[in-house]
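Everything on this sheet refers to the single structure shown next.
Nothing in this text is a laboratory measurement; each read-out follows from the coordinates by a stated rule. Because the structure is a prediction, the values reported are computed rather than measured. Methodologically, a virtual Cβ is constructed for each residue, glycine included, from the backbone with ideal geometry; neighbour enumeration extends over all protein chains shown.
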Amino acid sequence: MILLGTGALGSLAAEEARPAKPPTEEPAGPSASAAGLRSIHDLLWLPKITDRHNLDTGLRRLLEALDKSKVPTAEKAEEAALWAKLKAGGLLAEEGARVIGLVRLGVDVAQFATSGDLVWVVQIEHAVRGVTQEVWVSSTTGAVRAMLPLQAKPGQ
């Protein structure tokens, strides 16, 4: 038992002594490694593509539709989420918005978006407490849907 323990410690020390491999940049898009993808439906990588010529026709059409939409960028989606939070009761100085996804909606949602539309997923994050709200912003209509109550209870 002691020898096995010593051998395991010795091999751990040997691994620590080896130089670490430099980090490699993962390719963006559908060819990215499975470990780098959260969901095959998350298209947040798509607006970052600068050379659209190598994209298939469907992805090019999605980008063209996004370019012409009411909320074409992550920055605009963050603005829409922050305005919704402000109008519904306020935003704390310690809160900020961050886009965490861009998904294609698979169902019609009245007064929000239709199936096939792209929707930005935005989280409102408090610097200490964590996520205080998740907001979906329709790229086509500009409508906003909050996943948590937008208005804080009195005293919070």
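Points to keep in mind about this one:
- Label-point gap, in nm, between Val107 and Arg38 - each point 7 angstrom along Cα→Cβ: 2.1 nm
- Residues whose amide H lies under 5 Å from that of Glu134, counting only those 5 or more places away or on a different chain, are Ile124, Met147, Leu148; hydrogens are built 1.01 Å from N in the peptide plane.
- Rough spin-label spacing in nm, given labels placed 7 Å along Cα→Cβ, for Glu94 and Thr114: 4.4 nm
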